[in-house]
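Reviewing the structure listed below.
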Amino acid sequence: MSGYRISSPDTGVRIDPTKLLNFSFNGRTYSGFEGDTLASALLANGVGVLGRSFKYHRPRGLFSAGLEEPNALVTLRQGRRSEPNIKATEIELYDGLIAKSQNCWPSPKFDLMAINQLAGNALSAGFYYKTFMGPNVFFNKTTEVWWQFEKIIRRAAGLGKASLEADPDIYERMHAWCDVLVVGGGPAGLIAGERAAEAGAKVILCEQMAETGGSLVGSKDLIDGMEGDEWAKACIERLKDHENVRILTRTTVQSYYDDNLLHAIERVADHKIKPDAFEPRQRSWKIRAKSVIIATGAFERPLVFSGNDRPGIMLADAARRYAVEYGVLPGKLISIFTNNDTAYHAARTMADCGANIKTIIDVRQQVSGEIRAIAASIGAELLVGDAVSRTSGLQKISAIHVGHFNADSKLVAPSTHRIETDCLLVSGGWSPAIHLTSQFGGTPIWDEGLQAFLPGKALQNWYGAGAMAGKFGLANTLLSATDAAKSALKSIGIKPKKLKPPIVNSEEISVQPAAVYEIRRAIKKGKSFVDLQHDVTSEDVRLAHREGFISVEHLKRYTTLGMATDQGKTSNVTGLAIMAEARGEAIEDVGTTRFRPPFTPVTLGAIAGENYGHLKPYRLSPMNDWHIARGANMYANGLWMRPETYNQSGETVEQAYIREAGAVRKSVGLVDVSTLGKIDVQGPDAGEFLNRIYSNGFAKLPIGKARYGLMLREDGFLFDDGTTWRLDENHYLMTTTTAKAGPVMEHMEYHLDVVWPELKVSLVSVTDQWAGIALAGPNSRKVLEACVSGTDMSDKAFPFMGVRDGEITDIPIKIARLSFSGEMAFEVFCGAMHGQALWDALMDAGKAFDITPYGLEALSTLRIEKGHVAGPELNGRTNANDLGLGGMVSTKKPFIGSVLVHREALNETGRKQLVGLRSLDGQKILGGSHIVASADQAQPGESLGHTTSACFSPELNCYISLGLLKDGRARIGEKLHVTSPVRGTHGAVEVVSPHMVDPDGRRMHG
Amino acid sequence: MVEKTSPLDKLLKTGHYGKPENTGEQADLKISHRTCESLVQVTAWPKTGKGIATTLEKMTHLSLQGGDASPANEDFTIMPTGPGQYLIEAQSGDATGRFQKKIIPAKGAVTDLTHARVVIRISGDQAVWVLAKGIAIDFSLQAFPVATSRNTAHHQISLTIHRVNENTFDLFVFTSLACSFWHWLDRAAKEVGYEIVRNVK
Amino acid sequence: MLIDCPWCGPRSVEEFSYRGDGTLKRPALSDNSMNAASAYVYNRENPAGDHMEIWHHGNGCRSHILVKRNTLTHKILSCELLGPYSPKRKKKK
């Protein structure tokens, strides 16, 4: 490229020539100005080759001035902040910026991987399905050969490399609500936003560049007597003054979801070397808009011809923007190739900035007098009815070859002119940026005049304005935008203000192109690129068609056209046109693929926001700090953090729980059960409701008593178990397992709202209200006798399953005499914020009895020894009878599940039943092992069931487990095996009753 | 009575955190926290609803206008949290008992939640900005007027928000989730800078 | 998706959980026919189009809402409060 900086007046309106910035590209230092993008600065420094293409490693240069850029992808920054595949056109230049090319080694100018080009057709579309196959012979099956090639291809594939270090930046999320969301801060967006704001609507305006203005930046067109540039600046100042307007610059609206939810990404700090302290790098906005005005403009597309990818070939309007906005011209000897009038506007503007435009080649058969006059006025030779047949140049374009174009055959004759040029500007038409409108469905509509897709029917409350809606030209744009604003306001019940339409003085240029997309030569030679980023050629498109991949969805996936980081913004329509021609159909019949969010690449950090590290909320018991200080292994039990064991120095987990469980059975221990689900059930129909929820009878539960209950699902399977205490006539406290607290609450609320709304029952979750401590062991009562006041703790006054109120050191408590462990035990509840004080008081009162804190492992061990079922047995596939709890299924009342619990299938023989298993060979039994008859580990045979909860039993001094075994109850006494092929274990066991310790329950009743 | 220990006691220490203090006009964000003297949920059923509402008005000297209106005075704040449901904060420690005495005979339900919530008060020009980072409701005055309350969620955790005035919000957070919630709020508020102050009503 | 909770107003779908078919009628407690119970538990129409379904506003007012939603377009057509305070029940009285 022979780009260079100019300083004519009225050029470089975005840059501040007094603020010099230094930056590094591929290790070399350059300078630019504040306001430059990396692209404009590189262009100004004459850097031509910016990288190498994806597949063929061809040298590539700057192609555009915006987010549609397919070529100039760089890796920005280094180390932890290194970010690949960023478009140089989107990078705001700052002092100290470091960037480098991708996909080339050692440099873009000299790339060893360019050897790929010699592979030629071996790398055409779908090559990985076709080329790298082996002969299907003997051992050499087709896919195995591919596996070898795959490794090499994967290493060579991809563009930039991501850093493997942790991202040090903060990302945030934000929610916003508005009446009108305006997407785009160009003329259409600005005037629509202003109209909405004037009417009193709450407006959010998103502009993806640092400054609003869009096509008005540097514009000399007149709006209400003011130059466009000035008008835009005044408009945004007026908008900023409105209280109800939020302007988000550097913000790209990425996605349009159901119910007018839009997602935008704000690049808060990407224009600085690094974010300020506590500043997020990017912010992800979820915006609920009552109405949306989409003013996203349009993308220029190129023409396709042989050698159309050489560095130095650029979109015409992009070159105009570089001249006007950044004060840079892309070459000293410029030529232009076009099929429409807009390229002439670009040419004239650039000539006014001092550009030397030598030749304009127009593929149309005729052009208007005005167009001829423009060419003449800038001193350019005009060749009408001709086309560029190919280009020349080694690392950059040096010449184009022009010949006569036959409009019928769409072929260009062998070239008659060889024109020297260091920069070829191309213009093939304009594609409205309709992406957001198509993301959730609306099928785009083909416009024959524009040769482009327009947005389809609006399936949500949005309105199009400006070029996005096919309204080109400043007057049209502003009119369509004020109409859109009016419609949007009316749709949400806000009266638009009666304002005069702005008076526009601008030259209206037709955007309608000739229906020419590709220039073909009679003799196929060279490569004509459609998708520059994925190196997809027009021959690839025709190849796909020949091989039967004729639908646009197949075209896309088979050739990868439109699948790169630019998502085909400058290539989709051209690709469709070529496929349509191959199919002999009109483009509108071929259609287009559905656009998918996001609109441009989004960094994962922005989507994650603050959700990294600990990904879920965590719930802590009131005694959490004490557990940690005591050295407990804390682990996550759902959202709760709970102590597994309290390891003393040198202990393994197993040694710890054996010690703790042993201490409980010997004297007394205490365990934190604050995490149990607790639900406050009140109301005149509370008792009746409980009777319908539980499978066993609850109607006659006396006040001051607790009862263990089973809940079934409506399909007859077990849902949960728990204990409900009757506190008063119409007042109950229900406890559930920790894991099922939420589901049980939802289950009950559903039945009260949907099934039996006539019942008067109040349900309030009180899990957080109560701290709970279980005191278990033969000395548990003695500990409480020592510290409880206000209630008689004797066996007679306080029988098994009784519930009492009392106090411990002035803390009001509730005590229930329940046992999970099978020992004499009590559950003591108090207000959660007294929990630690209660725990301290119990530890104190228990000193005399060597009280031992125990964790979940010991708790599990005790209940496994006792044969109490819990989560692993209540796995959703077992019923009451399977677990030996058939006696708890009442036949005297209807309840949830009472009909289907009697299904044949739930009562037939052969079902797996709860049993206990004792190891006969000293091997540890693993939960989730299969129970088998065979002693042969290699041939285990049929699975008869599985182990559910396993541990070492301190009481029985051997490894034990609970399990579900086919016809288990009939097999007590049998000798079987447990086997786990995945973990490589196989051991001998004896089937026993699940109630392995104190089966008569004397300890807890004593 | 034994003092209540809040899980936030050790996490919220007075001082300034995050972005350095503003020397300009913009006031810093102020955050404080408290436990409730009493917090009660009162439930009424359709037939008895009117009677319960009248009883509540008599007991609290507040007028219940219906909907999400959350009237407050020196002694009580009433926050409707659903059809026939009221979350009531009282400044005296015996309110639960008093409500039980009057409401239960009037055929309503009373549940003590005094220990079940921790209240974080956030106040300042930037309060809405910070809250909107994690809470997906419309905080504009039009959509969320002063002296109303909202039951919503944050990271799947239920949360009740009472708008005390234009810039001041009381967040009623589940006690067991308070530390986790604070972890998020601290990070979100550091962006603008905040000060932990002693709780002042 | 945005669900217009009759009590809380329009809220984002994250506040809700889906609770299934809204046309179900549980057989009466006195009905112990296996067929009726089985149909209630297992049979569903599963239409492609307008669908009556129940959403639980668990992270809001905890009401159950009967929602008419089109399963093809996701468009929500109506939201009605269920439970003791449902307007349907008021009409009955």
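Structural remarks
- Tilt relative to chain A, helix A:653-666 - C-alpha long axis, 0 to 90 degrees, to 10: 30
- Cα long-axis angle, helix A:316-326 against chain A (0 to 90 degrees, to the nearest 10): 80
- Neighbourhood net charge (9 Å Cβ-Cβ; Lys/Arg +1, Asp/Glu -1) for A:Gly802: +3
- Greater than 24 Å apart at Cα, pairs in A:Lys814/B:Lys50; A:Lys740/B:Lys107; A:Lys274/B:Lys190; A:Lys240/A:Lys497; A:Lys569/C:Lys75; A:Lys220/A:Lys498: A:Lys814/B:Lys50; A:Lys740/B:Lys107; A:Lys569/C:Lys75; A:Lys220/A:Lys498
- Cysteines of chain C lacking any other cysteine Cβ under 4.7 Å from their own Cβ: C:Cys61, C:Cys79.
- Between the Cα long axis of helix A:741-750 and the first principal axis of chain A there is an angle of about 80°, rounded to the nearest 10.
- Chain A, relative contact order [Cα under 8 Å, separation at least 6], %: 9
- Sum of side-chain charges, A:Leu759 neighbourhood, beta-carbon under 11 Å (Lys, Arg +1; Asp, Glu -1): -2
- Nearest-0.05 FRET efficiency for A:Asp589 and A:Thr18, computed from C-beta distance (R0 45 Å): 0.20
- Euclidean distance of C-alpha centroids, the stretch A:343-360 and the stretch A:174-250, integer Å: 30
- Taking only the C-alpha atoms of chain B, Rg followed by Dmax gives 17.3, 57 Å.
- Between A:Asp625 and A:Ala458, the contour length at 0.36 nm per residue exceeds the alpha carbon distance by 54.5 nm.
- Overall form of the stretch A:908-1006: oblate. Here a/c, set by the Cα gyration tensor axes a ≥ b ≥ c, is 1.5 or more, and a/b is not larger than b/c.
- The stretch between A:His902 and A:Asp276, if pulled fully straight at 0.36 nm per residue, gains 218.6 nm over its current Cα-Cα span.
- Each label point was placed 7 Å from the Cα along the Cα-to-Cβ direction; for A:Lys410 and A:Asn637 their separation is 7.0 nm.
- Summarising the amide proton neighbourhood of B:Ser38: residues at separation of 5 or more, or on other chains, whose placed amide H is nearer than 5 Å comprise B:Ala90, B:Ser92.
- A quarter of the convex hull surface defined by the alpha-carbon atoms of the stretch A:528-590 gives 3.6 nm² as the mean projection.
- Two-site FRET efficiency, A:Lys616 against A:Thr29, from Cβ-Cβ distance with R₀ of 45 Å, rounded to 0.05: 0.45
- Helical content of chain A, expressed as a calculated mean residue ellipticity at 222 nm, amounts to -6000 deg cm²/dmol (DSSP H runs of 4 or more residues, -39,500 (n - 2.57) each, divided by residue number, nearest 500).
- Compactness index (Cα Rg / 2.2 N^0.38 Å), the protein assembly as shown: 1.10
- Charge context of A:Val989, other residues only, Cβ under 13 angstrom, K/R +1, D/E -1: +1
- Two-site label geometry, A:Asp795 and B:Ser140: point separation in nm, points 7 Å out along Cα→Cβ: 7.2
- The three principal axes of the Cα atoms in the stretch A:724-876 give end-to-end lengths of 54, 34, 31 Å, sorted in falling order.
- 19 Å Cα-Cα reach of C:Lys25 towards aspartates and glutamates, excluding residues that sit fewer than 8 places from it in its own chain: A:Glu714, A:Asp715, A:Glu746, A:Glu749, A:Asp753, A:Glu758, C:Glu45, C:Asp50, C:Glu53, C:Glu80
Read-outs throughout are calculated quantities, based only on the coordinates presented, and are distinct from any laboratory measurement. The shown structure was predicted, so the numbers you read here are calculated from the model rather than taken from an experiment. So basically every Cβ, Gly included, is an ideal-geometry build from the backbone, and we count neighbours across all protein chains shown.
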